[in-house]
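The values are calculated or read from the model by the stated rules, or taken from the named source; none is laboratory data. Please read these numbers as outputs of a predicted model, since none were measured by experiment. Cβ coordinates were reconstructed from backbone atoms using ideal geometry, including for glycine residues, and neighbour counts include every protein chain displayed.
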Amino acid sequence: MLGDRIIHRVADGVRIPGTWRHAFICNGGRYFLTDLAIYADGLIDCWGLVTLEGFEEKLRSGWVATTLPDGAEASARDLAMWKFSEPQSWIEPEWLLAEVRDTIESLNGRPDSTERCMEAVEAFLADRTEEKRDAAREAYLAIPVSKRLYALGDMDHKDWPLQVLVAGPGGTLESRPDETISRKAYDSAVSYFEERAQSIATHRSRVPADGPATSYAPAVHLYQNFPRKPEDDPGLKGLRNDYPAPLDIDGVTYASVAHAYWALSVADLEARAAIATAEHAFAARQLASETARREGWEQARTAVMTGLLRAKYAQHPDLAEILLVTDDATLVYDELDSGYWGDNGGRGRNWTGRLLELVRSELHAERAGIGLPG
């Protein structure tokens, strides 16, 4: 159910991942096609956030509708209105509830019903007792009916080999209870799973040619603070743009990256000099806010910041070491006044964090003796 439908909401500054699926809400006798949002913390948005228990009540009451009456009025906001004519619904309330439970498990990185079923199947294939088969069959039946067809991720065979395996020779299929499973069909299903296991093992042993797609180090949060003077051991504070680490840029000395950034942002040369010598980074920002930006600054500011960060860590090897220690972690940068430079509670673009990761990679390349093009 997750697929590529990744969304999020922000609660108390924390980003809560989620996903969505289409659903009908029945309100005042009319059916509204809407997005049912499911979040990792177990809340579901069905025209209002409810717990899983509350969602079950919404299903039982018909507020979240799985039965669509013939002739009932329906609408999709800002799109269309229509009446149902011989509607067919593909899902039952208990199936949808089970799907939502599975989705919450997946969002939290826990096995869902399909994964638990496959674990039970592997246990049976390793020890083919009737007790293990019964456990695998029970796990298969725990998969929502609407998802069983896709349990193997095989659109050619669907879930047929799974049904045959958990039923065993002489058993019956869930989809065809009047048919008895032959020994030949069962042996074919066993061969299917043995070949599948071999294919999965081969795939798992492959190492991506370019390395992992995501970081293996825990994310590092660079919280906003207002340092006024250098410290012997600044720790992560030393990675802040307002940390007092003097920069020499084109013969001009700036007290910090923030001083240089705000000074270079203004068109007036006298104002630029005043900003460069401001008492602290906050004062530099205040002075800049009272002066017009240079023409084209909005389009150039990311490139300027990139150059300033490179200069900072080239001119301050001790701070470069602090940056390198973060390894390949995602760097989340707090900048409460800017949704461009900061993460801003999950709503910002976090450009400072991203550029710090870029500079860190360049430092790693330099240390490894890997020359950069250009």
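Where strands (runs of 3 or more DSSP E) fall wholly inside the stretch 1-69, the ranges with 1 or more residues that are of a type in the set (S, T, N, Q), surrounded by 16 or more Cβ atoms within 10 Å (Cβ to Cβ) and assigned by TED's automatic domain parsing to the domain that holds MET81 are 14-27, 30-39. Would it be correct to say that ALA201 is surrounded by 12 or more Cβ atoms within 10 Å (Cβ to Cβ) and not in a loop (DSSP other than H, G, I, E, B)? Here the answer is no, as ALA201 does not meet what is asked. Are any of the residues in the stretch 90-112 assigned by TED's automatic domain parsing to the domain that holds ALA23, part of a helix (DSSP H, G or I), under 14 Å from PHE24 (Cβ atoms) and hydrophobic (A, V, I, L, M, F, W, C)? Yes, the stretch 90-112 contains a residue that is assigned by TED's automatic domain parsing to the domain that holds ALA23, part of a helix (DSSP H, G or I), under 14 Å from PHE24 (Cβ atoms) and hydrophobic (A, V, I, L, M, F, W, C). I want to confirm something. Restricting to the stretch 336-373 and keeping residues that are at positive phi and surrounded by fewer than 19 Cβ atoms within 10 Å (Cβ to Cβ), which single residue is farthest from the chain's Cα centre (by Cα)? Across the stretch 336-373, the extreme among qualifying residues is GLY369.
Give me a count of the residues in the stretch 272-285 that are within 23 Å of LEU239 (Cβ to Cβ) and not acidic (Asp, Glu). Result for the stretch 272-285: 9.
Would you call ALA189 farther than 20 Å from HIS157 by Cα and among the aliphatic types (A, V, I, L, M)? No; evaluated as a whole, the condition is false for this residue.
Screening ALA217 against (1) outside any helix (DSSP H, G or I); (2) at pLDDT 95 or above leaves a single unmet condition, (2).
Across the stretch 278-304, the number of residues qualifying as surrounded by 18 or more Cβ atoms within 10 Å (Cβ to Cβ), among the small types (Gly, Ala, Ser) and in contact with an Asp or Glu (Cβ under 9 Å, 6 or more places away or on another chain) comes to 2.
Count of the stretch 301-330 residues, restricted to those that are of a type outside the set (Ser, Thr, Tyr), under 21 Å from THR253 (Cα atoms) and part of a helix (DSSP H, G or I), is 16.
Could you say whether any residue in the stretch 212-219 is surrounded by 11 or more Cβ atoms within 10 Å (Cβ to Cβ), more than 27 Å from ALA278 (Cβ to Cβ) and of a type outside the set (Ser, Thr, Tyr)? Within the stretch 212-219, one or more residues are surrounded by 11 or more Cβ atoms within 10 Å (Cβ to Cβ), more than 27 Å from ALA278 (Cβ to Cβ) and of a type outside the set (Ser, Thr, Tyr).
Scanning the stretch 256-270 for residues that are modelled with pLDDT under 95 and of a type in the set (A, V, I, L, M, F, W, C), we see that the one that is farthest from the chain's Cα centre (by Cα) is LEU269. Looking across LEU264, LEU269, LEU309, one residue alone is under 27 Å from GLY235 (Cα atoms) and either out of contact with any His (no Cβ under 6 Å at 6 or more places or on another chain) or crowded, with 17+ Cβ neighbours inside 10 Å (or both). It is LEU309.
Okay, residues lined up against (1) β-branched (Val, Ile, Thr); (2) under 18 Å from ALA320 (Cα atoms); (3) in the same structural domain as VAL121 (by TED's automatic domain parsing):
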| residue | (1), (2), (3) |
| --- | --- |
| ASP178 | no, no, yes |
| LYS184 | no, no, yes |
| SER188 | no, no, yes |
| ALA197 | no, no, yes |
| ALA209 | no, no, no |
| ALA255 | no, yes, no |
| LEU269 | no, no, no |
